[in-house]
Each structure stands twice: as structure tokens, then as C-alpha cells.
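What follows is a single structure, written as C-alpha cells, with notes after it.
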Number of protein chains: 2
Amino acid sequence: MTRFSYSILARDGLARRGVISTPRGEIRTPAFMPVGTAATVKAMLPGSVRETGADILLGNTYHLMLRPGAERIARLGGLHRFMDWDRPILTDSGGFQVMSLSELRKLTEEGVRFRSHVDGSEHMLTPERSMEIQRLLGSDIVMCFDECPALPADRERIVESMRLSMRWARRSRDAFGDRPGHALFGIQQGGLEEDMRGESAEALASIGFDGYAIGGLAVGEGQEAMFACLDYAPGQLPDDKPRYLMGVGKPDDIVGAVQRGVDMFDCVLPSRSGRTGQALTRFGAVNLKNARHRDDPRPLDPECTCPCCTRYSRAYLHHVMRSGEIISSMLLTWHNLHYYQELMQGLRDAIEAGTLDAFAEGFHARRAEGDMAPV
Amino acid sequence: MTRFSYSILARDGLARRGVISTPRGEIRTPAFMPVGTAATVKAMLPGSVRETGADILLGNTYHLMLRPGAERIARLGGLHRFMDWDRPILTDSGGFQVMSLSELRKLTEEGVRFRSHVDGSEHMLTPERSMEIQRLLGSDIVMCFDECPALPADRERIVESMRLSMRWARRSRDAFGDRPGHALFGIQQGGLEEDMRGESAEALASIGFDGYAIGGLAVGEGQEAMFACLDYAPGQLPDDKPRYLMGVGKPDDIVGAVQRGVDMFDCVLPSRSGRTGQALTRFGAVNLKNARHRDDPRPLDPECTCPCCTRYSRAYLHHVMRSGEIISSMLLTWHNLHYYQELMQGLRDAIEAGTLDAFAEGFHARRAEGDMAPV
């Protein structure tokens, strides 16, 4: 049986081109993980998600525990079978979303007690229960249960929260046990405080994990502050394990983070934007709702090979978006996920070729040109 | 260039197994046409619609003329290219929907003046304008502009309306002109009055069309009354041309109508039901919203070969339906359209084999058994 492992194949500056091996398949890094919150990447069939080039999906513990329930998914054969995705799945711990989505939550040393936003039922999430849920789901990469304060927060709150998360990381590690072929990732916290990030990284490394996430960013601090943190945070984490920047991000966030040594990403942006008529392209964002596309026979991006760009005009995308047709979400989500995976492939190729800086320059230059000129 | 033609390959009782040839491909009859109202079969990509076995789609003149507009679609290369469907398209005339959907409509000998339900703009539909719009769309099978009274209606209203529709049929024929490779279908009216249906059929035959539709049914009269009308109406129409029962119907409507000599059908039921969680199966309708499916690991129909049935459990379909996920509409619409096309294939095979009555008996017997037994 393949065990979980990570190999670095090439480096360019701080950036790494690697591969994560799991019993369910390989994950080429830097990797972008589409988000499949409720056992579906919204508006996509799993085969189409794979066609975009995704090696791994992310599932949300918080949503799945509430509906349809982790025990139910386990009885039905696990999340992979339930949602028809046989490649790797990473699940978050529920820690972030229980704090942002649930009602009447109460945080203690033990964990978080809360009411479901779906039906008001009461639940308790602890490091032990989060590990159990992620095991029931059949997750390939399990995340430690952590607590993440919204930014800005004062230093005292950030230190206190980070140390609680480190105690929970220890409990997560103990509860996870030894599960060959499955990985447990620790999550660095510490807000924008370099010394706290360092303390967190040391605490995690001393426990020992299969990979390390950078948590607590992309929560409102802005790209400049995030990049300032990423100038030191990845380097505080072990070099020989994958580094995952949770919940990030926009295409330029990803390029900047890869240049700073990050290997894995997830974000709802490509799928969520697709449902609101926003296409993400090499030239930046294009809002298909805008009336200027009404008569435009050109594809969204003439060089893109996705079904949306090879088969439809901007005029069609505008029409179905304005008409509220489901195919609008289907096509734009497909395009956006395709674009993200193409960007990741470009980043991987550039690292292998040792040309990452030139790649990033080209990336920014095309976006500065903006959308294609009108007909 | 292939001209439009219709050949009857086999008969079984009143039923006919045929083929309609067009420059854009063949249509095997009896045929079911999925409805692509606003230039999309809702929740489906065109390639998937074709995979279900559909030879032809229906487009709605009323919707398309208002948004995005027939002239715009023509400038963009026609409806086939606009919506990425290169096989035949039949368009209705707008006559039925202008009476059911528009606002402030005024009916005269000339046509119907109305306000758009989309933006309140004023429009006029006449036989001549309907022919022009359907030509701009690039429709392969064009329908005459007609008027269709809701049932029940008194005989006087039905007679008056039918005779107006026959005058409009003449004007439609004149306006359509000679368009090799494109067909114009007349529409029989006359409500549930056998003599009026006969008068309408004679009027149409004397004008001469490439096919004949039975209009004004499935408007609230019930299956018994509809079948009573179908006991004579198809036989009043020319034998050597396709007969199309507009807006029908449920699977058992279709079986009964094929037995009575109808060749073509369209209905929003399979796609609309799919979006509300209702699956249409060999065993009848299954409501996936029902909590009894919550833990059911079985497929919707173990013998169905569609992606919904081969890849997902009822529990999954229940979950995504209850969670309001788009994939629910995508999977159930796919299944329902697949089931409809499989039913049509079964009917075609049975007519060829001369076993239509036995096929119909088996069809009704399976539905009487109901849904599969609980686990």
C-alpha cells in the first residue's frame, strides 16, 4: 500500500515543485484544491472537476457533520463513494467554520459547543470529535482542530488563541493515531505576529505532522499584510513537508504565495464567482453580466481550452447569466476552475524550468493589459 | 443537400416507426424533444442532452424573441451556434406562450400585441413576424402561428379560434415561402370537438405542410379527454407526414398517444421535475426529497445506465436536493431525459417488432408495482 509521502522535485527561489503521493493518487504541487463543501463542487460533476486538472478536492467537516452527517456518510461507504470522487480529499477540521457560521457557539478548553445553522440542533466539536468525523468521512488529508480569531485582533487574543490551537493540535495528533495512507496536517496560527507564528511553528514541529498549514490568513487583513506574513511564515515550517495556505485565494494571491514557498491552496472564489457571472481569466476578472458583452461573438478567452471558451460566445454567457439559467453557473465555474488549474500548471512548469519570476512578471503584465479590446 | 423528408419504416396498429431526415441529421420517431426554452435545456450541457439520445430540441420563439432577441441571435450565427447544438431544432410559433405569459395582450385578426414579461416592452406577433423570427433563429422545423384557447371553452369560442388559426396557417405558409431543408408544420385546433378537429385538419391539408401538429391539448382537460380526442384526431391528419402532439407529456400520455398514431412530443416535465427533486422512472415518479431516501444506498434505478443512476445513491440525491445544490438539478434532469429517451427507444423497438401492445402492458404493470421496495 502506498503510504502518504511528499517529494520535492525542483526548486526556484523559495518555491517548490513537488508531488504528494497517497493511496488514492498523486497530487502535483503547487496544487489548487476546488472546494466541495456539501459533497459537491457546486455546479460541477466530479468528472468535469477532474477534467479541469484537479488532483484533490476539499470537503468541509462543519457542513458535512450537520448534513447529511458523518456517521451517515460512513454507513454509505465514505465521502469518496458518496460524492463519486475517487481521488484524494482533504477535509478541514470544522474549526474555522464553526466560528463563522454556527449560532450560539461557546468556546472552552474542551472545544466548541454550538447550534447548527441548518436546523438549530446542538453539537459539540472537539479535537477528538473532529478527528472522528474526518475518519468517518474517509478523508485522505485530515486537518487539526484549531481556533482562528478574526483579524484585526489584539496581540493578547491572538497569543491566547494560538496556544489553545497548539494544545488542540496535540490532542488532534493523539486522537488521529496511526493511520497508514492517511495524513494529518498541523495548522500554524499567530495572526500577523512573527514571533507568535514562530512559536506556533515550533510547537507543531515538535508534535510532528505530515504537512503544515498556514491558518488565520485571508480573513480580512489584505494582500499586503498577508504577503508580509508569508515573507517569513512558510520558512518557519519544516522544509520537507507540504505547506498549505488555507482559504487562499485570488490568482495573484496564489502566485505571490507560491513565490514565497507555499505548496497548496483552496478557495471558493472560482466556483462562487462562476455562479455570480464573474469569469477569472489571464486578463483579470470579466463580469459577464455587463451589457457590453451582449453582442460579443468572441469567446471569453480565445486561448482557453475549456468547454465554456471553445463552444460559447460572450454574448451567450451574458444571455444565460441574465436569464438566470443554471448553465451559466455550470460553464463559468468550469472555466474558472480550468483557469485556476492552468495557472497551477504554469507555476509548476515555471518552477521546474527555473523561470518562476519571469512567469510571474508575464502573469502581472497580462492582467495590467486588462480584458480584450472591444470588437 | 438533404431535403426535409419523412419515411415510415414500420407500423404496429395505428403506431408508426419512422425517420425524419433533415440537413442537420435524422430524427427517429416516435421522438421526444427536450425543451430548451431560453437557448439551454435547463441544467444540462448540450453534449449531455445528446448523450441521453435526443435527436432534436425544441426552442421557444416567445422567450427568445424577448431575450436575447431574434435579430441578435441571427447576427451571432443562429440558434444552433449560439447554444452549441448542431442537430435539428424545432421552434414553436410563440402563439401559445404569448397568450399564457405576456401582459396586456390584445388579439386581433392581424395578430397579438403584448407587453414582454421580461421588461415590459411592447411587441407584435403576427404569422409573418413569427415566420421571420423562426427564420432568424435558424429553426429546422418551423411551427405555424396559431391561437389556442384554454379549455374548457364554449364551442363558439373554439370554432372562432380554430378558424382564425386556419387563416393564420395560410398566412404562415405564404410567409414561410420555399426554404429547402427547412420544414413548416401546420397545427390542428378545434378543442375536443371532433367535427371541428376534422374541419381544421382539412383546412391544413388543403394548404399543405411538411408535418402536422395536434395543438390545444394538454391544457387542463385531463388524460381521459385527451385520449378520447386522440382516438380520432391523428387519423384526420395526412398519413404520410409526421404528427406532433404539442406539450405532451407524462410518460403514460406518450405511450397512449404513440398507440394512437402520434410521432413527436415535447414537454418540460422531465427537466422541470428534475429541478424539483422528482425522478421519473420505470416504476413511476420518485420524490427524492422524501426522508425515506436519506439512508438508501441503492441507485434511483439499478437498471438505468445514466450517470445519476450508475454513480450515485438515493441517499446522495436526497442530500443534494435537500441542500439546494445545483448538482441535484443536473443529475435528476439527466436521469429524467435519459428515461424519456429510453422510453422512446423502447416504443420504437416495439413498433418495429410488432409488440407495441405487450410493451405498453409491461410499461403499465411496472408502474403499478410502484417504486422499489425499501431496503
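The values are calculated or read from the model by the stated rules, or taken from the named source; none is laboratory data. Being a predicted model, the structure only gives us computed values, none of them experimental. Heads up, the Cβs are rebuilt from the backbone with ideal geometry, glycines too, and the neighbour counts pull from every protein chain shown.
Observations on the structure shown:
- Matching option when the condition is closer than 28 Å to A:Thr22 by Cβ and not polar (S, T, N, Q), among A:Arg167, A:Arg155, A:Arg171: A:Arg171
- For segment B:129-157, filtered to residues that are modelled with pLDDT under 95 and aliphatic (A, V, I, L, M), the residue that is surrounded by the fewest Cβ atoms within 10 Å (Cβ to Cβ) is B:Ala150.
- Some residue of segment A:312-334 being touching a Cys at 6+ places or on another chain (Cβ under 8 Å), surrounded by 19 or more Cβ atoms within 10 Å (Cβ to Cβ) and under 30 Å from A:Ile214 (Cα atoms): yes
- Any hit, segment B:39-50, residues being closer than 15 Å to B:Gln134 by Cβ, surrounded by fewer than 23 Cβ atoms within 10 Å (Cβ to Cβ), touching a residue at least 24 places away in the same chain (Cβ under 8 Å) and not small (Gly, Ala, Ser): no
- Residues that are over 26 Å from the mean Cα position of the chain (by Cα) and either closer than 20 Å to A:Thr333 by Cα or not assigned by TED's automatic domain parsing to the domain that holds B:His293 (or both), drawn from segment B:322-331: B:Ser323, B:Gly324, B:Glu325
- Checking segment A:85-108 against the condition returns a match, with at least one residue being aliphatic (A, V, I, L, M) and free of Cβ contacts under 8 Å to residues at least 12 places away in the same chain.
- Matching residues, segment A:202-225, being over 19 Å from the mean Cα position of the chain (by Cα) and surrounded by 18 or more Cβ atoms within 10 Å (Cβ to Cβ): A:Ala203, A:Leu204
- Tally of residues being assigned to a loop (DSSP other than H, G, I, E, B) and under 18 Å from the mean Cα position of the chain (by Cα) across segment B:228-278: 13
- Filter pass, A:Ile27 being over 15 Å from the mean Cα position of the chain (by Cα) and surrounded by 24 or more Cβ atoms within 10 Å (Cβ to Cβ): no
- Filter result for B:Asp252 (assigned by TED's automatic domain parsing to the domain that holds B:Ile56, out of contact with any Asp or Glu (no Cβ under 7 Å at 6 or more places or on another chain), surrounded by fewer than 21 Cβ atoms within 10 Å (Cβ to Cβ) and over 19 Å from B:His364 (Cα atoms)): no
- For segment A:289-311, taking the residues that are part of a helix (DSSP H, G or I) and under 28 Å from the mean Cα position of the chain (by Cα), the one that is surrounded by the fewest Cβ atoms within 10 Å (Cβ to Cβ) is identified as A:Thr310.
- Going through (1) modelled with pLDDT of 95 or more; (2) within 24 Å of A:Tyr6 (Cβ to Cβ) one by one, A:Ala218 falls short only on (1).
- Residue within segment A:59-73 that is in a loop (DSSP other than H, G, I, E, B) and away from every other protein chain (no Cβ under 11 Å) present: yes
- For A:Pro68, the requirement of being in contact with a helix residue (DSSP H, G or I) (Cβ under 6 Å, 6 or more places away or on another chain), modelled with pLDDT of 95 or more and either among the acidic types (Asp, Glu) or buried (at least 17 other Cβ atoms within 10 Å of the Cβ) (or both) is met.
- Residues that are touching a residue at least 40 places away in the same chain (Cβ under 8 Å), closer than 20 Å to B:Glu128 by Cα and polar (S, T, N, Q), drawn from segment B:51-72: B:Thr61
- Of the residues making up segment A:42-58, those that are over 15 Å from the mean Cα position of the chain (by Cα) and either at the interface with chain B (Cβ under 8 Å from one of its Cβ atoms) or outside any loop (DSSP other than H, G, I, E, B) (or both) are A:Ala43, A:Met44, A:Leu45, A:Pro46, A:Gly47, A:Ser48, A:Arg50, A:Glu51.
- When B:Phe185 is tested against the conditions (1) at pLDDT below 95; (2) assigned to a strand (DSSP E or B), the lone failure is (1).
- Segment B:84-109, subset surrounded by 15 or more Cβ atoms within 10 Å (Cβ to Cβ) and of a type in the set (Asp, Glu), residue nearest to the chain's Cα centre (by Cα): B:Asp92
- Once segment B:279-322 is narrowed to residues that are of a type in the set (Ser, Thr, Tyr) and within 14 Å of another protein chain (Cβ to nearest Cβ), the residue that is nearest to A:Pro46 (Cα to Cα) is B:Tyr312.
- Only a single item in (1) more than 18 Å from B:Thr91 (Cα to Cα); (2) touching an Asp or Glu at 6+ places or on another chain (Cβ under 6 Å) is not met by B:Arg243, and it is number (1).
- Filter result for B:Tyr312 (at pLDDT 95 or above and either outside the structural domain of B:Ile20 (by TED's automatic domain parsing) or closer than 17 Å to B:Tyr339 by Cα (or both)): yes
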